[in-house]
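Structure first, commentary second.
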Amino acid sequence: MHPRIGRGLNALFAFLSSRALVCGGIENSSRGTNSMNVLPTSSPVALAVLPFQNMSSDPDQNFLVEGITRDLTELLSMNPGTRVTPHSTVEQFADSGKSLREMAKEMRVRYLVSGGIERRGERFRLRVSLEDTLSNSQVWSKHYDEPIATFYDVQDRLEQTISTAIGTEVDVADVQRIAKRGRFDLSAYELIQLTEDRRRTYSREASEFIVEKLQELVAADPDNAVAHAHLAIQLSQNLVSRWCDVPAETALSMSEHLNRARALAPEDPRVLTAAGIVSLMAGEHQQAVDLISLSLKANPNDPHANAVYGLSLALLGQHDEGLAYIDGALRAAPKHPRCAIWWLYTAMAHTSADRMVEALGAVDMAIKINPNYHVSYFGRAFLSTELGNLESVKSDISQGMSLAEGLGFEEYKQGQLRMMGSSPERRNWGLFESIWNEVESERI
């Protein structure tokens, strides 16, 4: 990449952090330490939504099956009095053959929601049940036969009924106000599920697919706040990971989609989390804390929001508290698509605290989970240089370069400085740069 582009990225991020995010009107709800719990693991009411079954023989309906499982998990998570096991953790129990009680014990929950769904033309059939594994009894069950257009309405009714049945009743109108979902559109819903599945692969190819599908979605449904928010997150990741050809256009598009999402649904936790992630990537750590704290008040069960919040705290100097949030996300959702990124967050938090050995161990975990992300290899090479372990530095830099062709040393360094603030400035970059240049010469 040409040096002008690297400088352009820094200028663009400075512009975004000073203008584009602020225009949404951030309330400074937290300064420094936040008083909320690190994922509500001690809640007396704990439940999980098991993967729903496809009651038809048509595999093309799987997106609807996957979608209702994710959606119910997310809706129930917006109840602060309930600990809801992340969807990515529950997925491993699909077709496991284990009894309900065994699954509940492994997930440390009392209640299990299960069911099945089938689409028939313009209608859908749904069966749902709620089991109390402590008393080994069925608390509630229901069958629905409804028009497909009422899909979201049925989900809202389910959320209300389940919350009432377990004694943590919430105001469904309040959830609807916060998480505005608009009318249900089957095609748009399928696109959302496709992009969620692809997030498991952290690569340029996956990012291009996600951007393409989300752009299709917002073109067809311009008032879909969550789609705009997800697109803003992916575009910001593309900037940081160099998965874009014209950074200036990508940054402008990111800003437009984020501002649109915040205008449509300013209280939606998914939108607030998106704004916090963009702030973090722009190096605006306090702004990220302010935004994510608002998101976690609405949905304390979101593991990714907890991880982003933790890294933001750590980069503000609150290292141990920040690491506790990231560790909470890793423990709650060890199968999450972003788990490898959380290990990188752990490494960054330790680096900020001058704990290089711990940081190196965290990067090793990130590479083990996802060996296809160049940032991890460059990070491991940097940490090994700091610790004087030079044996594998050249091979890690070379591997990183093979995954990110054209990335230069200065661009990498400036990216680290931008996101992590002043901490990396204390490092001795000289030796790392000389090894980098040596590897670069050998590759020519």
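All of the numbers you see were taken from the coordinates with simple rules; none came from a lab. All values derive from a computational prediction rather than experimental measurement. Virtual Cβ from ideal backbone geometry, glycine too; neighbours counted across all protein chains shown.
Before moving on, here are some points about what is shown:
- Using distinct alpha-carbon pairs, which all enter the 1/r mean, Kirkwood radius of the range 46-179 in Å: 15.1 Å
- Ranking of Ser392, Ser137, Ser77 by neighbouring Cβ atoms within 10 Å, starting from the fewest: Ser137, Ser392, Ser77.
- Pair Asp320, Asp354: separation of 7 Å Cα→Cβ label points (nm): 1.7 nm
- Ordered by the count of other Cβ atoms within 10 Å of each Cβ, fewest first, His319, His230, His350 give His319, His350, His230.
- Checking the cross-link pairs Lys368/Lys413; Lys335/Lys394; Lys213/Lys394 against a 28 Å limit on the alpha carbon distance flags Lys335/Lys394; Lys213/Lys394 as lying beyond it.
- Projected label points at Lys394 and Ala219, each 7 Å from Cα along the beta carbon direction, are separated by 4.8 nanometres.
- Dipole moment magnitude, nearest 20 debye, the range 318-435 about Cα centre, only Lys, Arg, Asp, Glu C-beta charged: 300 debye
- Label zone at Arg443, where the point sits 7 Å out along the Cα-to-Cβ direction: the range 395-416 residues whose backbone N lies under 14 Å: 395-413
- Only Lys, Arg, Asp and Glu carry charge here, each on its Cβ (+1 for the first two, -1 for the last two); on that basis the range 46-179 has a dipole of about 380 debye about its Cα centre.
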